[in-house]
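Peer 1: So that we are looking at the same thing, I have put the structure below in structure tokens.
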Amino acid sequence: MTSQTGIAPPGTRDQLAPGDRIKPLAPQRALERRGRSIGWALLAPAMILLLLMTVGPAIFLIYSSLHNIQMFGGASGFVGLRNFQELLTDATFLHSLLVTLAFVVIAVGIELIVGLALALALAPKTRANGVAATLLLLPFAVTPVVSAMVFKQLLDPNYGWVNYYLSKVGLLPGQMDWLANPSTAWIALVALDIWQWTPFVALIILAGRQTLPQEVFEAASVDGSRPWQTFRYITLPMLAPFLAIAVVLRSIQAFKTFDSFQVLTGGGPGDSTEIINLGIYRTALQSFQVGAASAVGLVFLLILSALVPLLLRVVGRNAEPEKG
Amino acid sequence: MNDHMISRRRFLSYAGAAGAVAGTAAISGCTLGVPGDTHITESGRPSGLRALYATVEANAAAVQSVLPAFREAFGFDLTLDTQPYNALQQKVFSELATRSPYYDIIIVDTPWAPTLTRVLEPMSKYLRDPKLNQLADPAINDFVPKAFYDAGVFKIDDPTAHYPEPEAAPNIDQITAKGFEVLGLPIQTNVLMMGYRKDIFDNPNEQAAFRQQHGRPLAVPDTLDDLVTVGRFFTRPEQRLYGTTLMGGVGDWSTCDFKSYLAAFGGDGHLLSDDLHMAFDSPAGVQALQFMRDLVDKYNIVPPGSESASWDDTASMFDGGLTVMSSNYHTFELSDTVRGGQIAYAVVPKGSSQGPHFGSYMLSINKYSRFKEWAYQAITWITGAQQQMTMVQKELHPTRTSVYEKASADSGLTEKYGNFYSALGKSLNVGVGRPRLTNYTEVSHDIAVQVNNAVAGRISPQTALTAAVTDVRDTLRKADYTVPST
């Protein structure tokens, strides 16, 4: 047992079996050092892969953003900050950035509210809720591009179910082309995102709700707390860590949205739904202007990197009540 | 304990080695490509060739149908790897960017070619070498001149330039004398054509009603005026029937639709001239956009959804029996719900002029292939008249004049595909290609956005064109083009 002190769990090191000798301190330190070395060595393959697959590309991204890269002949050259200068003075990019931010705020905000409501409704452990929670997973399990194609069919002004049923109940006067008008196109895109991703938010919050100690709610009930008071002063603060996780994860996902916009609107009508990722796709993967696309990607990455801690601070400020 | 330590060391060394191998494999897979397993056999021939091809857009099924004959002719296999369009572009570009020799033959779509002129093998020396033209006669003078020059004839160091005599019969000496090179041979050409419901046009009741209304026989529209008249006649929303379609959504389709109308009103259907003047910003451009808007708002002969429609959407409208006519790249196929429907084709209606949009796929030699001469011979064989005539049975859109002539006169093909090949050949002869730009996709997007704004009536045609000029100039400048100030 003592020969494996380097990797023994804490606390086991001091438990001596009958007949064990207490070893001198120096060899023990040497063993600890060796243990640490082995730990690093065990980590090495994963770290090397991580460096190759994430840090390496990130460095290449920075390098590319500072160069005019010619992938098919011609002279590539260092252009300094020119790609960034062009980007930050480009009205199209700034418009796309605003469109992307608006989409994330609106979609994630609604998903959080609806997801919270769903999670609270499904929190009691009944058979019906178990079935409902399983069904809730279905939209989440559908590939985003498939969801977008299905939505496009549903919204078809000539054959789609949405127009058909809305006109049947008198909510729609005629054949509406949802994707031809900026406001209705936005409704369609946000609706698709909500349908697809609210279950994800709901499941995170549901998991969190089910871990909350029942005693607190029982005590509140005994003290005469009304449902709204229980929700406002007990449930919501205690769910804050889970809400923070949901907001951060969903925001990152929403910033990465591509498929639904590409399939449903392609950035239209006009450029009203032109999110940044559509532009990056065209620049990087259709025109292969790697330098310009890298600059967009890098600026986007920096914005995201700044937003995530901010979101965590805002949403998760009550996440650790003991520090509150 | 020692044994234990040794085995741990071994484990670590194995893990390290495995990590290194995995890392190397990951890097080589991502950036260097995987070397092919083809090699030169004792007979001096390669053990096989590999080609990268488009799944649907260039009709892979047609090429696959001649592969058994290829093996008989060459004594080895040609392996065809196919990809859908978007994935194909990325695959083609990454193969060539990484200088991978894996594919010997690579399919190239017209808008990609200006970017790739330095990584495709020039063919003029092969075309002049009699030794390499024994298995198949390249007969480049038999290619439809427009398709041949537009798809594959470039100035390597000035890829924006179009060949100055696009109607002349191709001749390799004249091509090289003008400073151009042949970078590939066209295999499939797609052109905007009008499909129409032959059964409805032939219906005696419809003919009588039209004659009564207009005092002349009902005929397939030849002009834009006719298109409006006939379109109005057939537009009956209460019967869920409309005259024609319009591709007004944001995408390459609306740019293509606009450039075809631009040419029909007498403008330069290339959109931009070779010296990068904004040819689309012209009175013809305004007329074209106004006409597109009028189809939606004044003549009302297109179905709801046209303002956001794409190639696929308009094809679905026609295939589903919603419209009597439609202009598209696609070959139409009526759905099962349209009983007794028959389709025929025509050249898209003209205005004061004519110039339906077209584009071609060519087969090119990968500059990094180890079997360039064999790749050349394979390309000349596949694009040869005899093979193309076989492939039209599978609906290949051929690129040779002789094949169009034979296909149009072939009763079996006429029975199977109606007048498709006759109309395709006629359309191709009057077609107009794209501008040659390394960032065409972005330029096309800039124009499509403003076309969509104009079609939806959010801005006037002239405002749309002015905005498109600003955006296109900016996009070109970012790609290091020198754009004329006026």
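The values are calculated or read from the model by the stated rules, or taken from the named source; none is laboratory data. It should be emphasised that the depicted structure is a prediction, and the values quoted were computed from it without experimental measurement. Note: ideal-geometry Cβ built from the backbone for every residue, glycine included; neighbour counts use all protein chains shown. SASA here: full protein model, heavy atoms, side chains in, ligands and nucleic acids out. Shrake-Rupley method; radii C 1.70, N 1.55, O 1.52, S 1.80 Å.
Peer 1: Summing both sides, how much accessible area is buried between B and A? Use a 1.4 Å probe and give Å² to the nearest 100.
Peer 2: Using a 1.4 Å probe on protein heavy atoms, the buried area is about 3700 Å².
Peer 1: Reported to two decimal places, what Rg/Rh ratio describes the protein assembly as shown when computed on Cα atoms with Rh from the Kirkwood expression?
Peer 2: Radius of gyration relative to Kirkwood radius: 1.05.
Peer 1: For region B:165-265, what number results from the quotient of the Cα radius of gyration and 2.2 N^0.38 Å?
Peer 2: Dividing the Cα Rg of region B:165-265 by 2.2 N^0.38 Å gives 1.60.
Peer 1: How far is helix B:440-455 tilted, in degrees, relative to the longest principal axis of the Cα atoms in chain B, given as a value from 0 to 90 rounded to the nearest 10?
Peer 2: Helix B:440-455 sits at roughly 20 degrees to that axis.
Peer 1: Please give the solvent-accessible surface of residue B:298 in Å², to the nearest 10, using a probe radius of 1.4 Å with every protein chain present.
Peer 2: Rounded to the nearest 10, that gives 120 Å².
Peer 1: Take the Cα atoms of region B:222-371, build their convex hull, and give its volume per residue in Å³.
Peer 2: Once divided by residue count, the hull of region B:222-371 is 155 Å³.
Peer 1: Related question: What percentage of all Cα-Cα pairs in region A:51-118 are separated by more than 21 Å?
Peer 2: Tail fraction, whole percent: 56.
Peer 1: Once every DSSP H run of n ≥ 4 in chain A is given -39500 (n - 2.57) and the sum is divided by its residues, what mean residue ellipticity at 222 nm do you get, rounded to the nearest 500 deg cm²/dmol?
Peer 2: The per-residue figure over chain A is -21000 deg cm²/dmol.
Peer 1: For region A:83-319, what does the accessible surface come to per residue with a 1.4 Å probe? Please give it in Å².
Peer 2: Accessible area per residue, region A:83-319: 49 Å².
Peer 1: Assign one of three labels to region B:316-448, namely rounded, prolate or oblate, based on the Cα gyration tensor with a ≥ b ≥ c the square roots of its eigenvalues; rounded applies when a/c is under 1.5, prolate when it is not and a/b is larger than b/c, and oblate otherwise.
Peer 2: Oblate shape, in that a/c is at least 1.5 and b/c is the bigger or equal ratio.
Peer 1: What figure, in Å² to the nearest 10, do you get for the accessible area of residue B:422 with a 1.4 Å probe and non-protein molecules left out?
Peer 2: In the full protein context, residue B:422 sits at about 40 Å².
Peer 1: Please give, to one decimal in nm, the separation of the simple spin-label points placed at residue A:53 and residue A:135, each 7 Å out from Cα toward the Cβ.
Peer 2: In this crude spin-label approximation the distance works out to 3.8 nm.
Peer 1: Counting only complete DSSP H runs, which helices of chain A cover 18 Å or more along their long axis at the Cα atoms and score a mean Kyte-Doolittle of -0.5 or above?
Peer 2: A:25-50, A:91-122, A:127-141, A:182-211, A:236-255, A:290-315
Peer 1: Turning to a different aspect of this structure: What is the distance in Å between the Cα centroid of region B:250-320 and that of region A:138-174?
Peer 2: 27
Peer 1: Count, for each residue of A:275-288, the Cβ atoms from other chains sitting within 10 Å of its Cβ, then give me the mean as a whole number.
Peer 2: Average neighbour count from other chains, rounded to a whole number: 5.
Peer 1: For residue B:174 and residue B:222, calculate 0.36 nm times their separation in residues minus their Cα-Cα distance, and state this gained length in nm to one decimal.
Peer 2: This chain segment gains 13.7 nm when fully extended.
Peer 1: Next up: Can you tell me the orientation of helix B:420-430 relative to chain B, as the angle in degrees between its alpha-carbon axis and the longest Cα principal axis, to the nearest 10?
Peer 2: Relative to chain B, helix B:420-430 is tipped by roughly 90 degrees.
Peer 1: Ordering B:436, B:477 from largest to smallest accessible area (1.4 angstrom probe), what's the sequence?
Peer 2: If we order B:436, B:477 from most to least accessible, we get B:477, B:436.
Peer 1: Under a 1.4 angstrom probe, counting protein chains only, how are B:42, B:206, B:405 ranked by accessible area, largest first?
Peer 2: From most accessible down to least: B:42, B:405, B:206.
Peer 1: Assuming a ≥ b ≥ c are the square roots of the Cα gyration tensor eigenvalues, decide whether region A:113-154 counts as rounded (a/c under 1.5), prolate (otherwise, with a/b larger than b/c) or oblate.
Peer 2: Verdict is prolate for region A:113-154.
Peer 1: Mean separation of Cα pairs under 8 Å and 6+ residues apart, divided by the residue count of chain A: what relative contact order is that in percent?
Peer 2: So the answer I get is 24 percent.
Peer 1: Same structure, new question: Taking 0.36 nm per residue of separation and subtracting the Cα-Cα distance, what length does fully extending residue B:165 through residue B:55 add?
Peer 2: Gain in length upon complete extension: 36.4 nm.
Peer 1: P(r) of region A:24-65 in 5 Å steps, Cα pairs, percent per bin?
Peer 2: P(r) for region A:24-65, in whole percents per bin: 7, 20, 14, 13, 11, 10, 9, 7, 5, 3, 1, 0.
Peer 1: If I compute solvent accessible area with a 1.4 Å probe over the protein chains, what percent of it on region A:24-65 is carbon and sulfur?
Peer 2: Percent of accessible area from carbon and sulfur atoms in region A:24-65: 77.
Peer 1: Alpha carbon centre of region A:67-82 versus region A:261-275: separation in Å?
Peer 2: So the two Cα centres are separated by 30 Å.
Peer 1: In region B:288-312, what residues drop by 20 Å² or more in accessible surface going from the chain by itself to the full protein assembly, probe 1.4 Å?
Peer 2: The answer is B:304, B:305, B:307, B:308 - residues whose exposure falls by at least 20 Å² when every protein chain is included.
Peer 1: Measure off 7 Å from each Cα along the Cα-to-Cβ vector at residue A:78 and residue A:106, then give the distance between these two points in nanometres to one decimal.
Peer 2: Each label point lies 7 Å from its Cα, and together they span 4.5 nm.
Peer 1: Follow-up question, since we're still on this one. How would B:230, B:347 rank on accessible area, largest to smallest, probe 1.4 Å?
Peer 2: Result, largest first: B:347, B:230.
Peer 1: Could you work out how far the C-alpha centroid of region B:84-100 sits from that of region B:126-158, in angstrom?
Peer 2: So the two Cα centres are separated by 23 Å.
Peer 1: For residue B:178, list the aspartates and glutamates whose Cα falls under 12 Å from its own Cα; do not include residues on the same chain fewer than 8 positions away.
Peer 2: Cross-link targets: B:165.
Peer 1: Given H placed on each backbone N at 1.01 Å, which residues far from residue B:241 in sequence or on other chains put an amide H within less than 5 Å of it?
Peer 2: When sequence neighbours closer than 5 places are left aside, the close amide H contacts are B:236.
Peer 1: Another question, then. Please list, in order along region B:401-414, the HN-Hα scalar couplings obtained from phi with the Karplus expression 6.51 cos²θ - 1.76 cosθ + 1.60 (θ = phi - 60°), rounded to whole Hz, x for Gly and Pro.
Peer 2: Once rounded to whole Hz, the list reads 4, 5, 6, 4, 4, 5, 5, 5, 8, 7, 5, x, 5, 5.
Peer 1: So how exposed is residue B:149, as accessible area in Å² (1.4 Å probe, rounded to 10)?
Peer 2: 10
Peer 1: Please pull out the direction-averaged projected area of chain B, using the convex hull of its alpha-carbon atoms, in nm² to one decimal place.
Peer 2: Mean projected area of the Cα convex hull: 30.6 nm².
Peer 1: With N set to the number of residues, divide the alpha-carbon radius of gyration of chain A by 2.2 N^0.38 Å and report two decimals.
Peer 2: For chain A, the normalised Cα radius of gyration comes out at 1.36.
Peer 1: Taking the Cα atoms of region A:177-324, what is the range of coordinates along each of the three principal axes, in descending order and whole Å?
Peer 2: 66, 37, 20
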